[in-house]
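Derivation of every value follows stated rules applied to the coordinates shown; laboratory data play no part. Predicted model, so just to flag it, every value in this text is computed and none were measured. Don't worry about glycine lacking a Cβ; one is built from the backbone with ideal geometry, like all the others, and counts go over all protein chains shown.
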């Protein structure tokens, strides 16, 4: 891998030099394709418009975040910005990669979480547009010739942005894009309308999904423990990040594998306990819902969660992760069940009493 890394570092140097005038745009792309930001902001915004699409997006982002974290621990690959300092491959001239505020991520490098989340979101967007056109009997014949190139350009921008900040090698970005592109449609088909619950009792589906979320968390825990048993420190990449990041203050806890594993498994559990056939009502009863009420409620919920997150105790590791787990598990219930209920309440039929 040393020779592969060295060749790809040369490509990263070329990207950083060639696209230096695009610094603002590429940093913006890095921000909006951040899996943590997509889960925190994109999912709530989509839930205002379409609850089923939001449920699909939530599952894709949460399952994708879990899979990305576990694969990082399985593959244990380096990131460019610390590899160029740690490697003994170079005997004379050592490359100097540029760093910025988005470079210093702390997990292993492969696959790229930004690429996986971006690919999943773009594929789901294409599937959602196709569904809306078929559902509304308004099919534009040439929409694919417009949207496919745009989504391809967006995916290329995400990969370029990750190379530009030196957070990933090219093959790690390509692997992440492939994982996200294949994972999203598989999950989208599973969480379709009507739901999988039509094949059995609703409680049975919720139980199976909750059990799957618990098993996913257990797999993450076993992977973590397995690395320690094998003599590998699962947090070794965090130490490398602090060692070679020019501005350690730019290292954020949300980039650590443990935080990503906690957030994704909590969101999966929240999805399992919240998404039932009732969620589809908000999609189909479009004349009988208030988008103003939905937007207001979603805004209040997002603001409330931001305030609660800021108040989480940071002096205790256990309380910190336990508090964030509860917050991420409760949020889907509020956005996918409470908000649609309030938005449809003004249009609910009024029963006359005798």
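Figures for the structure shown
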read-out: Computed lengthening from residue 333 to residue 253, 0.36 nm per intervening residue step minus Cα-Cα distance; value: 26.3 nm
read-out: Sequence of 135, 21 once ranked by neighbouring C-beta atoms within 10 Å, starting from the fewest; value: 21, 135
read-out: Alpha carbon centroid spacing (whole Å) that separates region 315-331 from region 216-284; value: 12 Å
read-out: Mean Cβ neighbour count within 10 Å, used as a protection proxy, ranking 214-226, 61-73 highest first; value: 61-73, 214-226
read-out: Listed residues 235, 306, 102, most fluctuating in the chain (Gaussian network, C-alpha, under 10 Å); value: 306
read-out: Sites residue 142 and residue 101 - FRET efficiency at Förster radius 35 Å, r taken between beta-carbons, to 0.05; value: 0.30
read-out: Selected from 132, 49, 279 as most flexible by GNM, with the chain as the system and alpha-carbon contacts under 10 Å; value: 132
read-out: Contour excess over end-to-end distance, with Cα ends at residue 89 and residue 300 and 0.36 nm allotted per residue; value: 70.6 nm
read-out: Sorted peptide list for 308-320, 4-16, 331-343, 241-253, criterion being average Cβ within 10 angstrom, highest first; value: 331-343, 4-16, 241-253, 308-320
read-out: Extension gain, residue 135 back to residue 232 (0.36 nm per residue minus Cα-Cα distance, nm); value: 29.7 nm
read-out: Highest-first arrangement of 32-38, 88-94, where packing means the average Cβ count within 10 Å; value: 32-38, 88-94
read-out: Tensor-based shape of region 77-165 (alpha-carbon gyration tensor, a/c under 1.5 rounded, otherwise prolate or oblate); value: prolate
read-out: Mean separation of Cα contacts under 8 Å, 6 or more apart, over the residue count of the chain: relative contact order %; value: 25 percent
read-out: 222 nm mean residue ellipticity, helices alone, for the chain (DSSP H n ≥ 4; -39,500 (n - 2.57); rounded to 500); value: -22000 deg cm²/dmol
read-out: Listed residues 183, 262, 133, most fluctuating in the chain (Gaussian network, C-alpha, under 10 Å); value: 133
